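Written out below as structure tokens is the structure these notes cover.
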Amino acid sequence: MQDFLWENQSSVSEFILLGFSKDSQINAILFNIFLFLYLSTLVGNGLIVSIIHLDSRLHTPMYFFLSVLSLLDMSYVTTTVPQMLVHLVCQKKTISYVGCVAQMYLFLVLGITEGWLFSVMAYDRYVAICYPLRYKVIMSPWLCGAMVVFCGLWGVSCSLVYTVFTMRLPYCGPNEINHFFCEVPAVLKLACADTSLNDQVDFILGFILLLVPLSFILTSYIRIFATILRIRSAQGRLKAFSTCASYITVVTMFCGPAMFMYMNPGANASPERDKKLALFYNVISAFLNPIIYSLRNKDVKRAFLKLTGWGRPTE
């Protein structure tokens, strides 16, 4: 891929990432906010992965998928936030052509993998709630591993298409990207050629990578809700609804902005709006996932208190 990209590279050898503001005081405030979010994301998700790994009672399909989600979130924010933090406090805000390609590709690989992982997690909840007696048989370790590999293969292959179609275009200047990282819609605005084909490819891929998983998720949760309504115990219904509400919150926060970004024609894109949307599915969702998904979970809290010896968890 690198040889192909270098052959099609134009006179631009590096890009300038404009970020959020030229005001040094605003950038200082943003630096502290994003540093807090980044470190909290690493600590929170790292804690989830460690707890799930160390406590054998959490070695179940649901927690296996949650640990994969946490690993993806840590990697996902690391592709963009450290560089953004450096640019917020430094005058030089450049990224090399090759660095831009690498960042774009890695960001897409992790993001697409995470999007498909959400549909796998919805299927896991569907089996757990609708077929509880067969759950361990259906969700075997082999199947869980295969589904995660499937998500990763979608990420690797589709990201290659996105990246090659974006970077095959000539970039002859200006080289200022109105964004805080090399994201496809922002980079395409600098192309010195017609991008209508890219808009069509982005829409088709967006349909496959966002609407198809969302349809799987929607189908799973329609069946889940139908099953929950048949549960006689009010406490059982409440527990099941609570789990589903947490999941739906995470999916909406991640997929909604991503769909708006990647299924909109480039001509309709707004740089300032796109930067805010990117924060949702890149930074904020990764920060909130441990809180919404895991740290509210009784099993995770019980395992944490047991491992730390900080007291007995409340039932």
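Quick look at the numbers
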| item | result |
| --- | --- |
| Test: residue in the stretch 77-98 that is over 16 Å from the mean Cα position of the chain (by Cα), open to solvent by 20 Å² or more (accessible area, probe 1.4 Å) and under 20 Å from ILE208 (Cβ atoms) | no |
| Matching residues in the stretch 71-87 - criterion: being in a helix (DSSP H, G or I) and under 16 Å from PHE15 (Cα atoms) | GLN83, MET84, VAL86, HIS87 |
| Qualifying residue in the stretch 162-176 (condition: in contact (Cβ under 8 Å) with a residue 60 or more places away in the chain, in contact with a His (Cβ under 6 Å, 6 or more places away or on another chain) and open to solvent by less than 40 Å² (accessible area, probe 1.4 Å)) | no |
| Filter pass, ARG223 being touching a residue at least 40 places away in the same chain (Cβ under 8 Å), of a type in the set (D, E, K, R) and farther than 30 Å from SER11 by Cα | yes |
| Filter result (in a loop (DSSP other than H, G, I, E, B) and either aromatic (Phe, Trp, Tyr) or closer than 22 Å to PHE118 by Cβ (or both)) within the stretch 141-179 | TYR171 |
| Selection within the stretch 5-18 - open to solvent by 40 Å² or more (accessible area, probe 1.4 Å), modelled with pLDDT of 50 or more and under 21 Å from ARG168 (Cβ atoms) | SER11, SER13, GLU14 |
| Boolean, MET104 is touching a Phe, Trp or Tyr at 6+ places or on another chain (Cβ under 6 Å) and within 30 Å of LYS275 (Cα to Cα) | no |
| Single residue of the stretch 36-76 satisfying the filter (among the β-branched types (Val, Ile, Thr) and in contact with a Ser or Thr (Cβ under 7 Å, 6 or more places away or on another chain)) that is surrounded by the fewest Cβ atoms within 10 Å (Cβ to Cβ) | VAL49 |
| Helices (runs of 4 or more DSSP H) wholly inside the stretch 180-229 that include at least 2 residues being of a type in the set (D, E, K, R) and open to solvent by less than 50 Å² (accessible area, probe 1.4 Å) | 196-206 |
| ALA128 being under 18 Å from the mean Cα position of the chain (by Cα), more than 21 Å from VAL49 (Cα to Cα) and open to solvent by 10 Å² or more (accessible area, probe 1.4 Å) | no |
| Hits in the stretch 151-198 (condition: under 18 Å from PHE20 (Cα atoms) and charged (D, E, K, R)) | GLU176, GLU183, LYS189 |
| Test for PHE181: is it within 23 Å of the chain's Cα centre (by Cα) and at pLDDT below 85 | no |
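The rows are residues; the columns are (1) more than 30 Å from MET147 (Cα to Cα); (2) at pLDDT 85 or above; (3) in a helix (DSSP H, G or I).
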residue	(1), (2), (3)
ASP3	yes, no, yes
PHE20	yes, yes, no
PHE36	yes, yes, yes
VAL43	no, yes, yes
HIS53	no, yes, yes
MET62	no, yes, yes
LEU69	no, yes, yes
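The values are calculated or read from the model by the stated rules, or taken from the named source; none is laboratory data. None of these values were measured; they are calculated from a predicted model. All Cβ positions, glycine included, derive from the backbone under ideal geometry; neighbour counts span all protein chains shown. With ligands, DNA and RNA removed, areas are computed over all heavy atoms of the protein, side chains included. Shrake-Rupley method; radii C 1.70, N 1.55, O 1.52, S 1.80 Å.
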